[in-house]
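Values in this text are rule-based calculations from the coordinates and carry no lab data. This one's a predicted model, so the numbers in the text were calculated from it and none came from an experiment. When we count neighbours, we look across all protein chains shown, and the Cβ atoms used for this are built from the backbone with ideal geometry, even at glycine.
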Amino acid sequence: MDLEFTDKSVIVTGGASNIGRAITLGFAREGARIVLGDIDTVQAEIVAEEARAAGAAAIEVVACDVTQLDQVEAMFQRAVDLSGTVDVLINNVGWDDLMFFTQTTPDFWRKIIDINFVGVLNCTYTALSIMAPANSGSIVSISSDASRQGESREAVYGAMKAGINSFMKTVAKENGRNGIRCNVVCPGVTIPADDEEIGSNSMWVNKDSMFTAEQLEKVAKSLPLKKIGRPHEVANAVLFLASNAAAGHVTGQVMSVSGGYSMIG
Ligand SMILES: NC(=O)c1ccc[n+]([C@@H]2O[C@H](COP(=O)([O-])OP(=O)(O)OC[C@H]3O[C@@H](n4cnc5c(N)ncnc54)[C@H](O)[C@@H]3O)[C@@H](O)[C@H]2O)c1
């Protein structure tokens, strides 16, 4: 079906690597006008080239640290200058370093809170200031299955992702009357197919420090679908939820794309 993203103005945060890259390329194939906001502009420019080849109507890389509200506002202004408005926001930035809670420090908690939660607040706040007067918009935030049932070595990260789930439901309730839909996608373990799909800032640069090959095999075996996820599988769900044509009556929902790791009714 036609997702009706042709010439739509889309912002993808953290679009330089892995899942964000796949989301960017997904919108590119649909002919969208994209602003890719990332702190890794080197890898982002590589993805922008791929996006142009894939069919993006326009794409611009903006250096943006989502934890900084002034940089977020400048990124949104760039999208408005490029395309006149912002139709879709994808809050994709996230970061973790797997450790048991007792091994972490208050500085580490603050970094996790800023990147995973404050970044979503900054971007959503700025998006709503454009979308509400336009009476139209769609926001999809990338959470994690760690938010749904707790996950060892992801205590603070999982809590922030659970915060995103709740935050997006409230924003969905408050802004439905303005024609704005807000939804969440929770990936399970999702690894790049190739090292070229990530930049030096990706969590997956040292894959083994996240999961050894043996651990990945165990994860795959434990899942109903018996395989580890790939970024395009998450991107497909994100595009579905972002699309008014496909999901025009869907808001405040949290969807797992995790091979069946969590099944929440
Ligand atoms: N990959 C997984 O297994 C998995 C599982 C569950 C949830 N997630 C979530 O999916 C999203 C994407 O994960 P991924 O595996 O593609 O991550 P990744 O680390 O491969 O890529 C993240 C991107 O965000 C950028 N980034 C990091 N901090 C930033 C900041 N402050 N401002 C702007 N850009 C910043 C990085 O440069 C990078 O390009 C995250 O929200 C993550 O928490 C991923």
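Could you tell me how many of the residues in segment 11-32 are outside any helix (DSSP H, G or I) and closer than 26 Å to Asp195 by Cβ?
Here is the first cut: in segment 11-32, the ones outside any helix (DSSP H, G or I) are 11-17, 30-32.
Next, only the ones that are closer than 26 Å to Asp195 by Cβ stay: 12-17.
Summing the residues that are outside any helix (DSSP H, G or I) and closer than 26 Å to Asp195 by Cβ in segment 11-32 gives 6.
Considering only residues that are touching a residue at least 24 places away in the same chain (Cβ under 8 Å) and not in a helix (DSSP H, G or I), look in segment 100-129 and name the one that is nearest to Val72 (Cα to Cα).
Ranking the qualifying residues of segment 100-129, first place goes to Thr104.
Residue by residue through segment 156-170, note down the ones that are in contact (Cβ under 8 Å) with a residue 24 or more places away in the chain and either in a loop (DSSP other than H, G, I, E, B) or touching a Ser or Thr at 6+ places or on another chain (Cβ under 6 Å) (or both). Steps first, please.
As a first pass, look at segment 156-170 and keep what is in contact (Cβ under 8 Å) with a residue 24 or more places away in the chain: 156-157, 160-161, 163-165, 167-169.
The answer is Lys161, Ile164, Asn165, Met168.
Among the residues of segment 130-153 satisfying the criterion of being of a type outside the set (Gly, Ala, Ser) and assigned to a loop (DSSP other than H, G, I, E, B), which is farthest from the ligand (Cβ to nearest atom)?
Once the filter is applied, the top-ranked residue is Asn135.
Going by the structure shown, is Arg52 within 8 Å of the ligand (Cβ to nearest atom), of a type in the set (Lys, Arg) and in a helix (DSSP H, G or I)?
no
Looking at Val156 and the list (1) surrounded by fewer than 19 Cβ atoms within 10 Å (Cβ to Cβ); (2) in contact with a helix residue (DSSP H, G or I) (Cβ under 6 Å, 6 or more places away or on another chain), which single condition is not satisfied?
(1)
Look at segment 172-221 and say how many of its residues are polar (S, T, N, Q) and more than 24 Å from Arg153 (Cβ to Cβ).
Selection size over segment 172-221: 3.
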